[in-house]
Amino acid sequence: MAEAALDHTIDRSRMKVTDEVAIQISGMNKWYGTFHVLRDINMSVMKGERIVICGPSGSGKSTLIRCINRLEEHQQGTIIVDGTELTSDLKNIDIVRSEVGMVFQHFNLFPHLTILENLTLAPIWVRKVPKKEADETAMYFLQKVKIPEQAHKYPGQLSGGQQQRVAIARSLCMKPRIMLFDEPTSALDPEMIKEVLDTMISLAEEGMTMICVTHEMGFAQAVANRVIFMDQGQIVEQNAPREFFNNPKSDRTKLFLSQILGH
Amino acid sequence: MEDASYVRSEMLPAQSPPASETGIVHWVRANLLSSVGNIVLTLAAIYVIYLIAATIGPWLYRSVWNAGSLQECRAIIEANFGPGKSGACFAVIAQRWEQIVFGFYPRELYWRPTLTLVLMLVALGPILFAWVPRQVLWFSITFPAVAFWLLWGGTVWLPVMIVAGFVLGYVAFRVVSELNGLAGVVAAAVVPVLWWLFLCGPASDVLQSILPIALRELGSDQFGGFLLSTVIGISGIVFSLPIGILLALGRQSDLLIVKTFCVCFIEGFRGVPLITLLFVASLLLNYFLPPGTTFDVILRVIIMVTIFAAAYIAEVVRGGLAALPRGQYEAADSLGLDYWKAQRLIIMPQALKISIPGIVGTFIGLFKDTTLVSFISLSDPMQIVSSIRANTEWNGIYWELFMFVGLLFFIFCFSMSRYSMYLERKLKTDHR
C-alpha cells in the first residue's frame, strides 16, 4: 500500500509553505446530540501546506474536515477560512465553499449528467462562467487527470478510479484555493488507488493547499509536510512525517502506527 | 501429489453461445414447454384464448354501424345472419359519439374544443420531447389562458388580464427584491392576488368596451362527456405536479411552520375520500365564500382534484427524494450551489426520475377518478351513457357504449403509461 506513491519522483520545486494563514481553527467543539465528537480543536493551516490527518475510525477526522466547508456545523470556537469566518451567515458559507474544493470517499458524482456536465455545472451556475469557457476549463482539467476521452460518458460507465479523478477535476474547475480530501481512496480497488494518488501528488506539486484524511501512509511520507493524528475527537499528535513515523511520541500513536504498518 | 503450479500460455477468445441456447425453438422450449406442468398450462391458456375469441369474434363480425335504434339493429342482424344470432350494435356510437365526447357543447362550436385539443398537443410538445424547439415553451406557458378562452368563450381580455396578474407579480418581485429578498417574495404573492380580486374584472371590462373581441360565452353546465373529463383531468395533472413537488420539499424543510403546514395539508387531503372533497366543492364551498360570488363549479372541482392529487404526488416525490444518497446533497453544497439551484439541477432531476412510475400512476388514477363528478351532477361520460340508454331507441344496449367510453379512457391512460416508460428509458444513465 505504502509503495504505491513512493515510486514516484516528486518535484518539490513548487511545494512551498508560506507564512500566510489559509485556515485558522481555534477552540472548536462539536457535538452530535450529546456525543462530544470534536474536542477543543486548535490548528492553523498555512497556504501551501499539505496535511494528512489519520486516526482510527470514529476519531472525528472526517467530521473535522467537513466542518471546514460547513457540511457539518460546529457549536463552539471559530473557524476562519481564507479570512472568512464560518457562522450561520449563508453569505459567508457560500464564499468559503467557492474557495474550498472537496473530494469524497464515494465520489458523489451526479449520475444523471455526463462527465463534462458534472464539471461545468458549478462554474456555469455559481461562477456564471460562459458555457464555452467552462467547457474549455473542464477539458483542461480532464486532460490533467488523464481522462479527456471520457468527457461524454456518464459516471456509471467509469471505473471507481476514473470516477474519483473526475471528482477531483470537478472540484478543480471551481479554481479552489484549498482542497479537502475525505478518504479519497478508501472505496477503491488496489489497482485504482495509485492513479488517484498520482493525481493528488501532481496537485501537491503545483503548490495546492491540501488537507487529506487518508490511511495511505506512503502518500503521507511522500508529499505531506505535516501529519496529524486524531483519536477520540482530539488532536493527539502532529509532526513532520519523518518524525511522526520514525519517532512517534504518544503511546496511542505508536499503537496506531504499529497496527497499520506492522503487517 | 499433483503439481499445484499452472501457467496459462495463451488467453481464450470469446465464443458465441451454442445454437440450442438461442433462436425461436429455444424460446418456445424455455418459455412454453419447459416442464409437464408448463405444457398443461400452455394448452389450457390456448384453449381459454380460443373460447374468448370464439365468443367475441362473431359478435364483432356481425356488427351493425348504421341503424336508428336497437330494434333496427337486431332486425338487420337477423336478416343477414339468420334468426337468434346476436351482434354488436355500434350504430349507437355512430349516432351518439359526439354527445359522449363533447357533452352538451353546441354542435356548431365543436371546432373550439377540437382546436383546443390540437393546440394542447402543440403545447405539450416541448414539455414531453426534447427535440421540439424550446421557443414553443412560450406558447406552452400561455396555453392554459388560451384554452380557457376557447372553451368558455367570453371576452378575450379576461384571460389576458389574468395572465397580466402573473406578469405584475414578476415585476413586483424584481422591483421589491432589489430592496429586500423576503419582501420581494411577499410582493410577488400579494400584488397578483390584489390585482385578480379588485382590478382584473374592471380592467377587462374597460378593454372590452374599447376593443371588443369575444367568443360566444358558454356556461359550465354545457360541459359534459369526455370533454369534461379531459378538462378536469388535464388541469388536475398540470397543476398538481408543481404543487406536489413544493409540498414534498416543504415537508423536508427545516422551517417548522412550513413543514407543519405541508404535513397537515398532505395528511389531511390524503386521508379524505375524493368524493367528499367533490361534495365540499359543489355544496359547502359557497357557504365560505362572500355572498354573491359565483365561483364556477368546474373550477371548484378542478381545485379539489388538484389538491387531492398534489397530496399524493408529494408523497411519491418524497419517496424519490428519500432514495437519493446524502452524498448528492453534500456534493452540491460543497460546490457552492444554493438550495434552489441544488434542487433544480441535482436533486429534482434524479428524484423525479425515480418517481416517474409513481407519478404517472397517480395521474392515471386522477384521470379515471374524474368520472366521480357524476355524483355532484356533472355529466361525465358514464352519465351521458346512462342518459342515452334511458332513451327508448337505445333502451337495453350496454356493451357497445361502455366499450367506447372505456376505449377513450384507455387511449389516454395507455399513452401516459407508454410515455412514462419512454421517459424512464431515455433518462436511464446509471448503466447498472
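So here's what we get for this one:
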item: Length-normalised contact order for chain A - Cα pairs under 8 Å, 6+ apart - percent; result: 28
item: Nearest-10 value in Å² for the accessible area of B:Asp333, using the 1.4 Å probe; result: 50
item: Per-selection metrics, region B:319-413 (Cα): Rg and Dmax in Å; result: 22.8, 73
item: Total accessible surface hidden between B and A, rounded to 100 Å², 1.4 Å probe; result: 2000
item: Label point distance in nm, B:Val167-B:Val118, each placed 7 Å from Cα along Cα→Cβ; result: 2.7
item: Within a Gaussian network of chain A (alpha carbon springs, distance under 10 Å), most fluctuating of A:Tyr32, A:Tyr140, A:Tyr154; result: A:Tyr32
item: Rough spin-label spacing in nm, given labels placed 7 Å along Cα→Cβ, for B:Leu423 and B:Leu255; result: 2.7
item: Kyte-Doolittle mean at least 1.0 and Cα axial length at least 27 Å: DSSP H helices in chain B; result: B:36-61, B:157-177, B:225-251, B:297-323
item: Helix-only mean residue ellipticity at 222 nm for chain A, each DSSP H run of n ≥ 4 adding -39500 (n - 2.57), per residue, nearest 500; result: -11000 deg cm²/dmol
item: Local electrostatic count at B:Leu249 - Lys and Arg +1, Asp and Glu -1, tallied over other residues with Cβ under 13 Å; result: +2
item: Exposure rank, largest accessible area first [B:Tyr170, B:Tyr61, B:Tyr312, B:Tyr110; 1.4 Å]; result: B:Tyr61, B:Tyr170, B:Tyr312, B:Tyr110
item: For region B:3-153: rounded, prolate or oblate by the Cα gyration tensor [a/c cutoff 1.5]; result: oblate
item: Residue of B:Ala309, B:Ala164, B:Ala54 that the Gaussian network model of chain B assigns the largest fluctuation, springs spanning Cα pairs under 10 Å; result: B:Ala54
item: GluC sites (Glu not before Pro), loop per DSSP, at most 15 other Cβ atoms within 10 Å - longest free stretch of chain A; result: A:74-205
item: Pairwise label distance in nanometres, B:Asn180 with A:Thr78, each label 7 Å out on the Cα-Cβ vector; result: 3.0
item: Heavy-atom SASA rank of A:Arg165, B:Arg216, B:Arg326 (probe 1.4 Å, accessible area, largest first); result: B:Arg326, B:Arg216, A:Arg165
item: Accessible heavy-atom area order of B:Trp27, B:Trp394, highest first, probe of 1.4 Å; result: B:Trp27, B:Trp394
item: Carbon plus sulfur fraction of accessible area for the protein assembly as shown, probe 1.4 Å, in percent; result: 64
item: Accessible area of B:Leu247 in the full protein assembly, 1.4 Å probe (Å², nearest 10); result: 10
item: Exposure rule at most 13 other beta-carbon atoms within 10 Å, DSSP loop GluC sites (Glu not before Pro): chain B longest free segment; result: B:218-432
item: Region A:112-263, relative contact order [Cα under 8 Å, separation at least 6], %; result: 17
item: Rel. contact order, % - alpha carbon contacts under 8 angstrom, at least six apart, chain B; result: 15
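The values are calculated or read from the model by the stated rules, or taken from the named source; none is laboratory data. Owing to the predicted nature of the structure, the values given are computational and were not obtained by experimental measurement. Note that we place each Cβ from the backbone using ideal geometry, even for glycine, and neighbour counts take in every protein chain shown. What goes into the accessible areas is simple: the full protein's heavy atoms, side chains included, and nothing from ligands, DNA or RNA. Shrake-Rupley method; radii C 1.70, N 1.55, O 1.52, S 1.80 Å.
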